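A.B. asks: I have a structure here, written as structure tokens, and I will follow up with some questions on it.
The values are calculated or read from the model by the stated rules, or taken from the named source; none is laboratory data. No experiment lies behind these values; they were computed from the predicted model shown. Note: ideal-geometry Cβ built from the backbone for every residue, glycine included; neighbour counts use all protein chains shown. Each accessible area value is taken on the protein alone, full model and side chains, heavy atoms only, with ligands, DNA and RNA left out. Shrake-Rupley method; radii C 1.70, N 1.55, O 1.52, S 1.80 Å.
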Amino acid sequence: MLSETGASPKRARPRLTVAGLHKRFLLHGQGGVEIDVMRDLSLTLQAGECLVLAGRSGIGKSTLLKMLYGDYRIDQGRIRLHFDDGDLDLETLPTYAWHGLRRDVIGYVSQFLRVVPRVAAVDVVMEPLLARGADEADSRQRAETLLARLNLPERLWQLPPGTFSGGEQQRVNIARGFIGEHPLLLLDEPTASLDAANRDVVIALIGEAKARGTAMLGIFHDEDVRERVADRLLPLDGSLGGLSNASQPCRESLS
Amino acid sequence: MKKPVLERPVLLDVQGITRLYGPAKGCEAIDFQLHAGEVLGIVGESGSGKSTLLRVLAGLEAPDAGQVLYRRQADDAGGEDAELDLYAIGEARRRALLRLEWGLVHQNPRDGLRMGVSAGANIGERLMAQGQRHYGQLRASGQAWMRQVELDPGRIDDAPRTFSGGMQQRLQIARTLVTRPRLVFMDEPTGGLDVSVQARLLDMLRTLVRQLGLSVVLVTHDLAVARLLAHRLLVMRRGQVVETGLTDQILDDPQHEYTQLLVSSVLTP
């Protein structure tokens, strides 16, 4: 069963339980080579806490986030969301249901912004609210507030982010990820290309999300950021990585 | 926090559809369900049978075998719950269904528009088929829809043949959506257009799908278009569905040998 050694002192109620997760890629074009990127991964995540995935690059941290977001299929193992009125198992969720789940429950700040031609930065940010049928003027207001907080110059708001710098695109992406206030938020290196001032803004946003009860699972390479946001660290080295032969299940531990 | 409501009623139930012109030409034994509010993409190379399948689904061509069941829900527009078997209800009812409740956007706008009559008449025609007769209202709807698809309402009296390809396609979309169809079929809607025009149309389609809550079956060979518009994909090859899944799963974690080849063959500039 799951290790509870790292249970958060704040709230005992888990929002997410992952048990015995495996991931293997089979590449037909490469002569059918099989790559194991995850073995027997288990974790629990409480409401209002930020669990940070640790381990060397290429070990499958992003893979885990992508499985939780439905980008990658769940071949083996269980991902379960807990609600007041029952649980929801993602490995058996019908495909058509993912769209609503992403709209209302699981948010994701990807490493890179997927740029849609012709769509202005502010429209990219407010889209998650509009998808829920929110009022357009209110949504725009909230989007602008977030972009201002993230120090994106106002003259860029009405421009499509395709020509923005990496850091500017990342801030648009962060605003888009946080605006929806999803109860479960996945963060894939949100601070990677930011300067110190903007890193501080993201750390503050994460703090506010915690206070709202958001459960967060994140990847942060910057050690300073990691220390400031992580309630716990989950080292992935034992059970992840294509070359690893470890059969020990990964255990959560306190940082 | 409460569990989210994720259930969606099935709008279209496709069972064992086969329409073959020759061995592996056409489509064979296709099953899927479209849920209300979903955008389902059908992707594959030319000759994979995706356009044949769309013609069968859209009521234009009877299948050799199988059923297309339309589960109509009673809503504000009236009517009552019913299940209609598309090719069992008879020609007249089928045509009425296509005219009143469904919409079809052709790849070539010339196939969906009447080129000889004005833009306004093209938009108004579908409304008139629904029984609207008031000239002023028809004209007002025409102008409103031209604005919605970013056409100059001042050109309401111009014939579509004086429009560019991109403008014709937007007019066809206005003509299709003006009747608020519950189900829309799109066959390569950005197919024949320049890339810059394509981007504009894609953005417009995304917005319309969201604002009108459309349920869409979209055929495209362009995986980038599929990524932007579709929630879910069917991958077709030689008349058969080889893989289905969430759009991101098909494009980021393809399972079938053919899907892996298809996805890895796309050039990313």
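A.B. asks: State which residue is nearest to the chain's Cα centre (by Cα) when the search covers only segment B:219-261 and only residues that are within 25 Å of A:LEU113 (Cα to Cα), open to solvent by less than 50 Å² (accessible area, probe 1.4 Å) and more than 11 Å from chain A (Cβ to nearest Cβ).
C.D. replies: Selected residue: B:THR220.
A.B. asks: Next up: Any residue at all in segment B:159-166 that is of a type in the set (A, V, I, L, M) and crowded, with 19+ Cβ neighbours inside 10 Å?
C.D. replies: To start, the set of residues in segment B:159-166 that are of a type in the set (A, V, I, L, M) comprises B:159.
Restricting the remaining residues to those that are crowded, with 19+ Cβ neighbours inside 10 Å gives none.
Within segment B:159-166, not a single residue is of a type in the set (A, V, I, L, M) and crowded, with 19+ Cβ neighbours inside 10 Å.
A.B. asks: Any residue in segment A:126-152 that is in contact (Cβ under 8 Å) with a residue 40 or more places away in the chain and hydrophobic (A, V, I, L, M, F, W, C) sitting within a Cβ distance under 8 Å of a residue that is open to solvent by less than 10 Å² (accessible area, probe 1.4 Å) and part of a loop (DSSP other than H, G, I, E, B)? List the pairs, counting only those 6 or more apart or interchain.
C.D. replies: So the pair list comes out as A:LEU129/A:GLY180.
A.B. asks: Let me ask something else. Yes or no: segment B:115-129 includes at least one residue that is charged (D, E, K, R), more than 23 Å from B:SER196 (Cα to Cα) and open to solvent by less than 40 Å² (accessible area, probe 1.4 Å). It would help to see each step written out before you state the result.
C.D. replies: So in segment B:115-129, the residues charged (D, E, K, R) come out as B:125-126.
Checking which are more than 23 Å from B:SER196 (Cα to Cα) leaves us with B:125-126.
Restricting the remaining residues to those that are open to solvent by less than 40 Å² (accessible area, probe 1.4 Å) gives B:126.
Scanning segment B:115-129 turns up at least one residue that is charged (D, E, K, R), more than 23 Å from B:SER196 (Cα to Cα) and open to solvent by less than 40 Å² (accessible area, probe 1.4 Å).
A.B. asks: Would you say B:GLU83 is under 17 Å from the mean Cα position of the chain (by Cα) and loosely packed, with under 15 Cβ neighbours inside 10 Å? Full working, then the answer.
C.D. replies: Working: under 17 Å from the mean Cα position of the chain (by Cα): no; loosely packed, with under 15 Cβ neighbours inside 10 Å: yes.
No.
A.B. asks: For the subset of segment B:186-201 comprising residues that are buried (at least 24 other Cβ atoms within 10 Å of the Cβ) and more than 14 Å from every other protein chain (Cβ to nearest Cβ), which member is farthest from B:ALA129 (Cα to Cα)?
C.D. replies: Pass one, segment B:186-201, residues buried (at least 24 other Cβ atoms within 10 Å of the Cβ): B:186, B:189-190.
Right, trim to more than 14 Å from every other protein chain (Cβ to nearest Cβ) and you get B:186, B:189.
Values: B:MET186: 21, B:PRO189: 24 Å.
Once the filter is applied, the top-ranked residue is B:PRO189.
A.B. asks: Filter segment A:97-106 down to the residues that are more than 8 Å from chain B (Cβ to nearest Cβ) and open to solvent by 30 Å² or more (accessible area, probe 1.4 Å) and list them by number. Show your work before the answer.
C.D. replies: Here is the first cut: in segment A:97-106, the residues more than 8 Å from chain B (Cβ to nearest Cβ) are A:102-103, A:106.
Once the filter is applied, which keeps residues that are more than 8 Å from chain B (Cβ to nearest Cβ) and open to solvent by 30 Å² or more (accessible area, probe 1.4 Å), segment A:97-106 yields A:ARG102, A:ARG103.
A.B. asks: Looking only at segment A:145-167, count every residue that is closer than 13 Å to A:PHE178 by Cβ, assigned to a helix (DSSP H, G or I) and not basic (Lys, Arg) and tell me the total. Working first, answer last.
C.D. replies: If we filter segment A:145-167 for residues that are closer than 13 Å to A:PHE178 by Cβ, which is where we start, we get A:145-147, A:149-150.
Filter once more, keeping what is assigned to a helix (DSSP H, G or I): A:145-147, A:149.
Add one more test, that the residue is not basic (Lys, Arg), and what stays is A:145-147.
Of the residues in that region, 3 qualify.
A.B. asks: Only one of A:ARG102, A:ARG118, A:ARG142 is of a type in the set (D, E, K, R) and assigned to a loop (DSSP other than H, G, I, E, B); which? Give the steps one after another, and end with the answer.
C.D. replies: Numbers: A:ARG102 fails: assigned to a loop (DSSP other than H, G, I, E, B); A:ARG142 fails: assigned to a loop (DSSP other than H, G, I, E, B).
Result of the check over A:ARG102, A:ARG118, A:ARG142: A:ARG118.
A.B. asks: Condition first: farther than 15 Å from B:LEU183 by Cα and assigned to a helix (DSSP H, G or I). Now tell me which residues in segment B:207-226 satisfy that.
C.D. replies: B:THR207, B:LEU223, B:ALA224, B:VAL225, B:ALA226 - these are the residues of segment B:207-226 that are farther than 15 Å from B:LEU183 by Cα and assigned to a helix (DSSP H, G or I).
A.B. asks: Here's a follow-up. So, restricting to helices (runs of 4 or more DSSP H) that lie completely within segment B:92-204, which ones have at least 3 residues that are in contact (Cβ under 8 Å) with a residue 40 or more places away in the chain?
C.D. replies: Passing ranges, in order: B:109-112, B:119-129, B:165-177.
A.B. asks: If you go through segment A:54-87, how many residues are more than 9 Å from chain B (Cβ to nearest Cβ), more than 14 Å from A:LYS23 (Cβ to Cβ) and of a type in the set (A, V, I, L, M)?
C.D. replies: Number satisfying all stated conditions: 1.
A.B. asks: To continue, here is another question. For the structure I just gave you, tell me whether B:TYR87 is away from chain A (no Cβ under 14 Å), part of a strand (DSSP E or B) and of a type in the set (Phe, Trp, Tyr). Break it down into steps so the answer makes sense when it comes.
C.D. replies: Details: away from chain A (no Cβ under 14 Å): yes; part of a strand (DSSP E or B): no; of a type in the set (Phe, Trp, Tyr): yes.
Answer is no for this residue.
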